[in-house]
Each structure stands twice: as C-alpha cells, then as structure tokens.
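Structure, as structure tokens:
Readers should treat all values here as calculations from the given coordinates under stated rules, not as data from a laboratory. Computed from a predicted model, the values in this text were never measured in an experiment. All Cβ positions, glycine included, derive from the backbone under ideal geometry; neighbour counts span all protein chains shown.
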Amino acid sequence: MSQTFVRACALSELEEDTPKRVELDGVPVALVRTEGEVFAVNDICSHANVSLSEGEVEDCQIECWLHGSSFDLRTGKPSGLPATRPVPVYPVKIEGDDVLVSVTQES
Ligand code: FES
C-alpha cells in the first residue's frame with residue numbers, strides 16, 4: 001500500500017491553534033498546528049455539513065461551532081454528542097517549510 005502526499009501549504013502559513021481549510025484532490029481538509037504538531041482532518045463535521053476549520057482548537061481537539069461536538073485531531077473521534085461518527089484523519093509529513101498531506105491511499 002502506498003500513499004500519495006500532496007503539498008497543502010507552507011508550515012509558516014499555519015498559525016498555532018488557528019485551523020486552515022484547504023482542498024486537496026477535491027477533499028476539504030482542516031489543517032491544525034497545535035502542540036508542536038500539524039494535524040489534518042476532514043473539514044466537514046460528521047454530524048452535518050459544517051466546516052470544522054471555522055471552529056476552535058483546544059487540547060488537541062477541534063470543536064464544531066454549530067452544536068459543540070469536539071473531534072480528537074489524532075483519531076477523528078468525537079468527544080461527545082451530537083456527533084457520533086469520527087471524521088477521517090489524514091497522514092501529515094513536514095518537509096522543510098512544506099506541509100504534505102495524504103488524502104488518498106493507493107494499493
Ligand atoms: S454540525 Fe457539527 S456537531 Fe452538529
């Protein structure tokens with residue numbers, strides 16, 4: 001199984017705890033730089049069609065601003081209702097000042 005990484009943005013464009021929305025291969029992705037790492041999760045809340053990148057980041061979680069479910073940036077799992085399903089998380093690589101994300105898995 002191989003993964004294709006595409007450049008999402010420059011590391012220097014990401015402000016700590018300020019999510020950034022990008023679209024990679026047609027997939028909306030919320031990028032979050034927090035606690036010394038960069039995470040990438042699908043930008044659409046698993047509860048309804050809401051952009052997670054417009055929410056707040058705290059304790060390695062991103063909060064959906066509409067109904068308040070938070071998603072763990074490492075696993076995509078919601079911490080509480082109303083969302084019950086996880087959001088997809090994507091592998092991230094940092095190369096120099098480039099943030100690379102894999103939204104596809106090819107076998
Ligand atoms: S739309 Fe995100 S928790 Fe309802």
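Observations, loosely collected:
- Charged-residue dipole, Cβ positions (Lys, Arg, Asp, Glu), the chain about Cα centre, Debye nearest 20: 440
- Ordering 97, 72 from the fewest to the most neighbouring beta carbons within 10 Å gives 97, 72.
- Efficiency of FRET from Cβ geometry, residue 93 and residue 67, R₀ 41 Å, rounded to 0.05: 0.80
- Look at where the Cα atoms of the range 3-26 and of the range 39-54 average out, and the two centres are 14 Å apart.
- Remark: 77, 93 ranked as 93, 77, counting other beta-carbon atoms within 10 Å and listing the fewest first.
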